[in-house]
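S.K.: Could you have a look at this structure, given as structure tokens, before my questions?
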Amino acid sequence: MSKKAATIIAIPAISFSIFVFSCFGLSEIVKSEKEELFRQLEIFSDALTIVKEDYVEDAKPKDLIYGALKGMLSALDPYSQFLDPDTYNELKVDTEGQFGGLGIEITIQDGLLTVVTPIEGTPAWDAGIKPGDKIVKIEGEITRDITLIEAVKKLRGKPDEPVNLTVLREPENKLLEFKVVRAVIKITDIKEALILEDDIAYIRLTEFRENTPKDFSGILDDLNRQGMQALILDLRNNPGGLLDAAIKVTEKFIQPGKLLVYTKGRKPSQNIEFFSKEKNPLLDVPIVVLINQGSASGSEIVAAALQDYKRAIILGKKSFGKGSVQTIVPLSDGSAIRLTTSKYYTASGKEIHNKGVIPDIEVGELALEKADYLGEQAEELEQVFEKLSKEEEQQEDREKEDFYKRDNQIMHAIDVLKAVRIYGKLSG
């Protein structure tokens, strides 16, 4: 046999050896993981037995297991939770977009109950709650180690009943007290839709709901008839909503067949890609998308997709960073597990969760604030502010068409779109 033939025979033999070794190694890893799981289960069983036998009071097995499940799920991330039968049934009840609450989107961030965004026009918004506020007490009870479900239970209730909140506002390093009166929350997904100036249109989306794509499409048609030449899409303080609705809004501006967003988990079944399907997208209108810390989930998917395909300029502040998918798995006794099973990624492969969307142009909000150094004049100045505020409210109806001129970010967006249109004419 020639040396060449021997080499040809040897290569498959080596490959087969590597394959066998790899399979053996994988099998050993799986076996080792199972053994570790059984060792830990033995520790859990021992602890359960000790608690059942020696705890000062007789603890019911169901309470012990439910408590263990709550701890296990909450240890994973803020969005994974164990739902007892009552809580699970509450979650399944169709509220039809109305409920007695405060009007805030909340999450757990760094172990603290955190406001994602207040919904405009709700009690929380009117009271002055802001994105990023940490709710450290509800009715005097510390919220440390509270779950999202437990927090929602405490915040929701009968309309017209007050809820006392203690809020930590970190940028100001202050503890603030709020008395917020519950109301029936009616969510309007599209707040504003009009032409501002120089044929620049403005649409403000506050949430993605079932009817949003249809309403949004009708509004775009109407603005087109009015001569829309550019668009500002305002997603500030938009906490998200239905994924399908966010996808359908996005594809209004992107060519069909383009990847908009995808999910990635540990299992192949959790890996899902979402493509644009709109047959007649609006491709010739320059767009600026406004985002801020209160923009989360669905609104981040829209902003990221338009940014990836250079279909829009993103302006404002970095978004919240809520890009994970939760799956609810019912259990045999009527309880359920709400488990994070995958994360969202933009078309370019960027992770949204805990990262957020970085604006192309960073522009903050301008607000008049009382100067600390005024000392004794502070109270007098506060009265002046209140008087100005009342005068502003009285003039609001007369000046509604000019509301955007008091909004720093909208004015920057208008300037950007004007520049884009001028550049387009020069380069054309």
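The values are calculated or read from the model by the stated rules, or taken from the named source; none is laboratory data. These figures come from a predicted structure and were not determined experimentally. As a convention, Cβ positions derive from the backbone with ideal geometry for all residues, glycine included, and neighbour counts pool all protein chains shown.
S.K.: Within the group S295, S269, which residue is at negative phi, of a type outside the set (F, W, Y) and buried (at least 20 other Cβ atoms within 10 Å of the Cβ)?
M.R.: Numbers: S269 fails: buried (at least 20 other Cβ atoms within 10 Å of the Cβ).
Exactly one of S295, S269 is at negative phi, of a type outside the set (F, W, Y) and buried (at least 20 other Cβ atoms within 10 Å of the Cβ), namely S295.
S.K.: So, in the stretch 216-228, exactly how many residues are more than 27 Å from K317 (Cβ to Cβ) and in a loop (DSSP other than H, G, I, E, B)?
M.R.: 2
S.K.: Could you count how many residues in the stretch 194-205 are assigned to a strand (DSSP E or B) and either surrounded by fewer than 13 Cβ atoms within 10 Å (Cβ to Cβ) or in the same structural domain as K134 (by TED's automatic domain parsing) (or both)?
M.R.: Total meeting the criteria: 1.
S.K.: Is the stretch 109-116 home to any residue that is hydroxyl-bearing (S, T, Y) and under 25 Å from K343 (Cα atoms)? Give the derivation first.
M.R.: Initial filter on the stretch 109-116 (hydroxyl-bearing (S, T, Y)): 114.
Now drop any that are not under 25 Å from K343 (Cα atoms), which leaves 114.
Yes, the stretch 109-116 has at least one match.
S.K.: Does L113 satisfy being touching a strand residue (DSSP E or B) at 6+ places or on another chain (Cβ under 8 Å), in contact (Cβ under 8 Å) with a residue 12 or more places away in the chain, surrounded by 14 or more Cβ atoms within 10 Å (Cβ to Cβ) and not polar (S, T, N, Q)?
M.R.: yes
S.K.: Now, a different point. Read through the list (1) out of contact with any Lys or Arg (no Cβ under 9 Å at 6 or more places or on another chain); (2) modelled with pLDDT of 90 or more, then give the number of the only condition that L64 fails.
M.R.: It is condition (1) that L64 fails.
S.K.: Sticking with this one: For the stretch 124-181, name all the residues that are polar (S, T, N, Q), assigned to a loop (DSSP other than H, G, I, E, B) and surrounded by 16 or more Cβ atoms within 10 Å (Cβ to Cβ).
M.R.: First, pick out the residues of the stretch 124-181 that are polar (S, T, N, Q): 143, 147, 164, 166, 173.
Those still in the list that are assigned to a loop (DSSP other than H, G, I, E, B) too: 143, 147, 173.
Hits for the stretch 124-181 are T143, T147.
S.K.: At least 3 residues that are under 30 Å from E170 (Cα atoms) and in contact with a Leu (Cβ under 6 Å, 6 or more places away or on another chain) in each: list the strands (runs of 3 or more DSSP E) lying fully within the stretch 254-357 that qualify. Quick ask: steps written out before the conclusion?
M.R.: Details: elements: 259-265, 272-275, 287-291, 313-316, 324-330, 336-346.
By residue number, 287-291.
S.K.: Whether any residue in the stretch 91-106 is modelled with pLDDT under 85, of a type in the set (V, I, T) and either surrounded by fewer than 17 Cβ atoms within 10 Å (Cβ to Cβ) or more than 30 Å from S332 (Cα to Cα) (or both) is what I want to check.
M.R.: Yes, the stretch 91-106 has at least one match.
S.K.: Could you tell me whether D244 is surrounded by fewer than 16 Cβ atoms within 10 Å (Cβ to Cβ), in the same structural domain as M411 (by TED's automatic domain parsing) and not in a loop (DSSP other than H, G, I, E, B)?
M.R.: So D244 passes the test.
S.K.: Do the conditions hold for D133, that is, is it in contact with a strand residue (DSSP E or B) (Cβ under 9 Å, 6 or more places away or on another chain), without any contact (Cβ under 8 Å) to a residue 12 or more places away in the chain and not assigned by TED's automatic domain parsing to the domain that holds Q293?
M.R.: no
S.K.: Would you mention how many residues in the stretch 140-164 are touching a Lys or Arg at 6+ places or on another chain (Cβ under 9 Å) and over 18 Å from G111 (Cβ atoms)?
M.R.: The number of residues fulfilling the criteria is 10.
S.K.: Is it true that P256 is farther than 30 Å from A68 by Cβ and modelled with pLDDT under 95?
M.R.: no
S.K.: All but one of (1) surrounded by 14 or more Cβ atoms within 10 Å (Cβ to Cβ); (2) out of contact with any strand residue (DSSP E or B) (no Cβ under 9 Å at 6 or more places or on another chain); (3) assigned to a loop (DSSP other than H, G, I, E, B) hold for P213, so report the exception by its number.
M.R.: For P213, the failing item is (3).
S.K.: A further question follows. Give the residue, chosen from E369, E376, E380, that is modelled with pLDDT under 60, assigned to a loop (DSSP other than H, G, I, E, B) and loosely packed, with under 11 Cβ neighbours inside 10 Å.
M.R.: E369
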